[in-house]
1. Can you say whether Gly492 is open to solvent by 30 Å² or more (accessible area, probe 1.4 Å), within 30 Å of Leu538 (Cα to Cα) and touching a residue at least 40 places away in the same chain (Cβ under 8 Å), as far as the supplied structure shows?
2. In the stretch 146-189, how many residues are in a loop (DSSP other than H, G, I, E, B), under 19 Å from Leu5 (Cα atoms) and open to solvent by less than 30 Å² (accessible area, probe 1.4 Å)?
3. Since Lys472 meets every condition but one in (1) open to solvent by less than 20 Å² (accessible area, probe 1.4 Å); (2) over 22 Å from the mean Cα position of the chain (by Cα), which condition does it not meet?
4. Looking at the stretch 577-596, which of its residues are assigned to a helix (DSSP H, G or I), under 12 Å from Ile563 (Cβ atoms) and open to solvent by 30 Å² or more (accessible area, probe 1.4 Å)?
5. Would you point out which residue out of Thr568, Thr557 is of a type in the set (Val, Ile, Thr), over 29 Å from the mean Cα position of the chain (by Cα) and open to solvent by 30 Å² or more (accessible area, probe 1.4 Å)?
6. Give me the residue from the stretch 190-225 that is among the basic types (Lys, Arg) and buried (at least 23 other Cβ atoms within 10 Å of the Cβ) and, out of that set, farthest from ligand 1 (Cβ to nearest atom).
7. Modelled with pLDDT of 95 or more, of a type in the set (S, T, N, Q) and within 24 Å of Pro48 (Cβ to Cβ): does that describe Ser129?
8. Considering only residues of the stretch 249-267 that are of a type in the set (S, T, N, Q) and surrounded by fewer than 23 Cβ atoms within 10 Å (Cβ to Cβ), which is farthest from ligand 1 (Cβ to nearest atom)?
Amino acid sequence: MATPLEKWVDEQAKLTKPSKIYWCDGSEEEARKLIEIGIKEETINGHPVFQKLNDKNWPNAYYHQSHPNDVARTEQLTFVCHPDRETAGPNNNWMDPKEAKTKMTALFDGCMKGRTMYVMPYMMGHPNSPYAKACVQVTDNCYVAVSMRIMTRLGKVALDRIGNTENFVRGLHSVGDLNPERRFIMHFPQENLVWSFGSGYGGNALLGKKCFALRIASCLGQKEGWLAEHMLIMGIEDPKGKVTYIAAALPSACGKTNLALMQSALPGYKVWTVGDDIAWLNVGPDGRLYAINPEAGFFGVAPGTSSKTNPKMVETLKSGKFFPTLFTNTAIDNDTNEPWWEGLDGAVPKHATDWQGLAWDAAKGTKAAHANSRFTVSMYNCPSLSKEVDNPQGVPISAILFGGKRAKLIPLVAESLSWQQGVFIGTRMGSEITAAASSLTVGATRRDPMAMLPFCGYNMGDYFGHWLNVGKKLKHAPKIFSINWFRTDENGKFIWPGFGDNIRVMKWIIDRIEGKAGAKETAIGIIPEAKDLDLSGLNIPQSKIEQLFSVNPAEWTGELEEIEKYLTQFGSHTPEAIWQEYRSLAEKLGVTVAKK
Ligand code: SAT
Ligand code: MN
C-alpha cells in the first residue's frame, strides 16, 4: 500500500510528467552528484547550473548564475489563496483557490517532460523540536535541490517523521521556462500547500523558506497561538558570561545577517548566532517567549560583506566544512576564479565576469555583482553558531527589536513602555526599499510592519491583533524596542558607524532589561542620553549622537499621516488598541490627527 506521501508524489508526477523521479536522501555524496549534474548536464540561460570556484581560498564553493530576469522575489506574482479576499487582506495579492489551481494546473501540466523530478522530504526546525514541521517539496532543478540541503534538514529525518501520516507541508516547484509572464508563487494556507512556477530564485523556489516558514506558517501560528516572524535570533554574552537572547525584525537586505553574526566592538561581549532570517516564537510553559530558527543555513546578501563588516560570515563562507557553499549572481574574478562582489576585501579584480556572464568593465560604472546577489551556506560552518541552536525548546527571548532603514525620523534605539505600545511600534515601521524584491523602486520608503509586509499570509490587521493576543499569554513578555542604524546627517552621511559598534546599542538594551541603564522618556519612547550609551573608543561628537535621537514634529506630521493611511486600509481588522497607541503618540508629539 502506498503511503500518503508516495501517493502525493505520484500525483505530482502524473501532472508534471518527468522522465525520472529521484528521492533525495540529503547525503553529501548525493549533493556532490547533483553538483556534477549541474556542471555537466543542466544549463540555465545557456550557462551551466554550477561552476567550481577556487578550492584553495573557497573550499567546496560553487557559482550559480540565475536567469537575469530571475534575481529577486517577485511580490507582484505572489498570491495567497484563502477562500475569500478579506482573509488575505489588502497586504496580499489574492486569487480564488479554484481559479489559482486551474491556472497553475495548466502551467504544471507536462512541465517536467524530459527532466528529473527531485523529491525532497525535509524538516523546518530541529527534528527533535516540538515546534518543527515536516515538509516535502518536489522540484525539477538541481540548484534548488542542492540549496534545500543547505537551508533545511533534508532526508531520512523528515521521512521518519512523516511515516504513514498525511501530516506534511506540500510544495510543488518547477522552473518552467523562466518566462516572467508565466511565473506565479501561489499559497494555499488551508491545505498547507505551495505551488511555485517559473522561478529558480531563493525566496520563490526554496519553498520551506518564505513560502512555508513565513506565509503559511504565519497562518498556522494565528490558528495555533504562535508567531512566525521575519527575524534574526542572537545571543549576547556579557563579560560575566551571561547570555541574553534577542530577536530582531528587519526587512530583506537591511542587515539581519550582519547583526546576527556581529563581531562585537566592545571588549568582553560576544555574539552567538541562532538564526539570521526567520524565527518561530512560541509561548513556553514558564510564560516566556521561546524562539527556534526553522532553517539550517544562511541565504544572505553578498555585496557589502567583508572582513570589516562581517568577519564571521567571511569565515563561514571560507569554511567548506558542510558541503557545499553556493554563490549566486556575484561576479567572478577571472584571474583567480574566486567569487567577487562590491565591498569585498582586497583589490578590485582586473578581469572579471559580471553577474550576467559578461566581461565586466569597471570603467563603465556598472555593478559586477547583482545588488541582490547571494550566498547559500550551512549555519554549521559559522564560528559564532550558538550551542543552543539545536535546542528543541528554542531560546528564551528577552527583547524584540523592530527596525528598518530610515534616513530620518526614527531614533537609533527607543524602548516601548508596554507590549501594546511595542506592537504599535512594529505596525508603524517603514523602510527604504532594497533590491531583494524586483519591480519596486529601490530607495523609496514603504510601510513594512514588523518587516512582514511581503510575508504575512493573512490580513495584517488580524495579524496585529494576533500579536496583541500572544502578549496576553506571556507572563514574562520580552521588552520591545525600535532600532535604526541608518540615520543620516545634513550631508547624507550615516551618523552611526553600525556593524560591530551596534553592540553598544545591544548593551544598552540588555542593561535596560536588567534595570541598570539610564534613559529618558520622550514622545517616541524611552531613549538613552549620550551618557547612557557606552561610546568608549568611538570618536563621535555628542551633538552627532543627539542628532540620532532628535525629534522633529514637522517631519512626524507627515509620518503620522502615512501611518494612519496605512492602518486605515485594514478597516475594522486593525485593533482599537493600535489606534489608541496611535492617538497617544500623536498627542505626545503635539500633532493633530484626523483619526479620533
Ligand atoms: O526572499 S529571500 O529569502 O530569497 C531573501 C529575502 O528577501 O529575505
Ligand atoms: Mn529575509
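1. On the way: open to solvent by 30 Å² or more (accessible area, probe 1.4 Å): yes; within 30 Å of Leu538 (Cα to Cα): yes; touching a residue at least 40 places away in the same chain (Cβ under 8 Å): yes.
Answer is yes for this residue.
2. Narrowing the stretch 146-189 to residues in a loop (DSSP other than H, G, I, E, B): 152, 155, 163-168, 175-179, 183.
If we keep only those that are under 19 Å from Leu5 (Cα atoms) too, we end up with 152, 155, 163-168.
From what is left, the residues that are open to solvent by less than 30 Å² (accessible area, probe 1.4 Å) are 152, 155, 168.
Looking only at that region, the number is 3.
3. All conditions are met except number (1).
4. So the first thing to find is which residues in the stretch 577-596 are assigned to a helix (DSSP H, G or I), and the list is 577-589.
Applying the additional criterion that residues be under 12 Å from Ile563 (Cβ atoms) yields 578-579, 581-583, 585-586, 589.
Answer for the stretch 577-596, where residues must be assigned to a helix (DSSP H, G or I), under 12 Å from Ile563 (Cβ atoms) and open to solvent by 30 Å² or more (accessible area, probe 1.4 Å): just Arg583.
5. On the way: Thr568 fails: over 29 Å from the mean Cα position of the chain (by Cα).
Just one listed residue meets the conditions, Thr557.
6. Keep residues of the stretch 190-225 that are among the basic types (Lys, Arg), which gives 209-210, 215, 223.
Filter once more, so that each one left must be buried (at least 23 other Cβ atoms within 10 Å of the Cβ): 209-210, 215.
Details: Lys209: 5, Lys210: 5, Arg215: 11 Å.
So, considering only residues that are among the basic types (Lys, Arg) and buried (at least 23 other Cβ atoms within 10 Å of the Cβ), the one farthest from ligand 1 (Cβ to nearest atom) is Arg215.
7. Values: modelled with pLDDT of 95 or more: yes; of a type in the set (S, T, N, Q): yes; within 24 Å of Pro48 (Cβ to Cβ): no.
Criteria not met by Ser129.
8. Initially, the stretch 249-267 is screened for residues of a type in the set (S, T, N, Q), giving 252, 257-258, 263-264.
From what's left, surrounded by fewer than 23 Cβ atoms within 10 Å (Cβ to Cβ): 263-264.
Details: Gln263: 22, Ser264: 25 Å.
Among them, the one singled out is Ser264.
The values are calculated or read from the model by the stated rules, or taken from the named source; none is laboratory data. Note that the structure is a prediction, hence the values are computed from the model and not measured. Ideal geometry is used to build each Cβ from the backbone, glycine not excepted, and the neighbour counts take in all protein chains shown. Just the protein is used for accessible areas: all its heavy atoms, side chains included, with ligands, DNA and RNA removed. Shrake-Rupley method; radii C 1.70, N 1.55, O 1.52, S 1.80 Å.
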